[in-house]
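Report on the following structure.
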Amino acid sequence: MKKDPDIKIYVVCHKPCYVPKNPYLYPIQVGTALSGKKLDGMLHDNDGDNISDKNKTYCELTAQYWAWKNDDADYYGFFHYRRYLNFSDRKYKEDRWGNVREDALSEAMKKKYALSDDKIETLVRDYDLIISEEKNVVSMPGKAAN
């Protein structure tokens, strides 16, 4: 019998925000060393071996460094606090940047995008790597013409 995978998906935050309740989602505050205040209910990228003080240069990578040096899991994942993967089988209308926009993440959005522990665990068991769709950033709006 295959053991349950130890799944840790870090939701990278720099301010208080809603993170759906899920045993695999772990909110982590980035740039904690620079902020002067630890946010409640989150991991902090300035605990243990860290590069939190380099957050202005490395942004979300300070959370990845922290996970690499301080946590152990079979599967690591990262979401931005406003950008989650869609685990549902449905495709949704994208904006001109290729994003699916919502006013705010909520329990209803959690259901809509299948951010359930069962769906996440099933996909992690079936795939070695889960990523967003490929996007041609050269053709996105706002890009200066060469």
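Quick one: which of 11-17, 29-35 comes out on top by average Cβ neighbours within 10 Å, and what's the full order, highest first?
Answer by packing, highest mean first, reads 29-35, 11-17.
Carbon and sulfur: what percent of the chain's accessible surface (1.4 Å probe)?
Of all accessible area on the chain, carbon and sulfur atoms account for 50 percent.
Just the projected area, averaged over all directions, of the convex hull on the alpha carbon atoms of the stretch 54-116: how many nm²?
Seen from a random direction, the Cα hull of the stretch 54-116 projects 6.2 nm² on average.
How big is the stretch 1-49 on each of its three principal axes, counting only the C-alpha atoms and giving the largest first in Å?
Projected onto the principal axes, the Cα atoms of the stretch 1-49 cover 47, 27, 13 Å.
Could you tell me which of Pro141, Pro20, Tyr84 has its Cα farthest along the dipole of the chain towards the positive end, charges placed at Cβ (Lys, Arg +1; Asp, Glu -1), taken about the Cα centre?
Positive-most Cα among the choices belongs to Pro141.
Among the listed pairs Lys8/Lys93; Lys93/Lys135; Lys69/Lys135, which are separated by more than 25 Å between their Cα atoms?
Violating the 25 Å limit, Cα to Cα: Lys8/Lys93; Lys69/Lys135.
Could you work out how much longer the chain between Glu133 and Glu121 gets when fully extended? Use 0.36 nm per residue separation minus the Cα distance between them, nm to one decimal. Don't skip to the end; give the middle numbers.
Details: separation 12, 0.36 × 12 = 4.32 nm, distance 1.97 nm.
That works out to 2.3 nm of additional length.
How many times 2.2 N^0.38 Å is the alpha carbon radius of gyration of the stretch 83-131?
Ratio of Rg to 2.2 N^0.38 Å for the stretch 83-131: 1.21.
Cα atoms only: what Rg and Dmax, in Å, come out for the chain?
16.5, 56
In this model, which of Lys21/Lys119; Lys56/Lys112; Lys54/Lys110 are farther than 24 Å apart at the alpha-carbon? Numbers along the way, then the final one.
Details: Lys21/Lys119 14 Å; Lys56/Lys112 34 Å; Lys54/Lys110 32 Å.
Long pairs (Cα-Cα over 24 Å): Lys56/Lys112; Lys54/Lys110.
How big is the dipole moment of the chain about its Cα centre under a simple scheme where the beta carbon of each Lys and Arg is +1, that of each Asp and Glu is -1, and everything else is neutral? Debye, nearest 20, please.
Its charge dipole is roughly 640 debye.
By how many nm would the segment from Tyr92 to Lys56 grow when fully extended, if each residue of separation counts as 0.36 nm and the alpha-carbon distance is taken off?
Working: separation 36, 0.36 × 36 = 12.96 nm, distance 3.30 nm.
Answer, rounded to one decimal: 9.7 nm.
Based on the Cβ-Cβ distance of Val100 and Lys37, what FRET efficiency does E = 1/(1 + (r/R0)^6) give at R0 = 25 Å, to the nearest 0.05?
0.20
Using packing as a proxy for protection, rank 46-52, 61-67, 88-94, 4-10 so that the peptide with the highest average count of other Cβ atoms within 10 Å comes first. The partial results should precede the final answer.
Values: 46-52: 16.0, 61-67: 22.0, 88-94: 9.7, 4-10: 17.6.
Packing order, densest peptide first, comes out as 61-67, 4-10, 46-52, 88-94.
The values are calculated or read from the model by the stated rules, or taken from the named source; none is laboratory data. Here the structure is a predicted model, which is why all the values come from computation and not from measurement. Here the Cβ is made from the backbone with ideal geometry for all residues, glycine too, and neighbour counts use every protein chain on show. Protein only, heavy atoms only, side chains kept; ligands, DNA and RNA dropped before computing areas. Shrake-Rupley method; radii C 1.70, N 1.55, O 1.52, S 1.80 Å.
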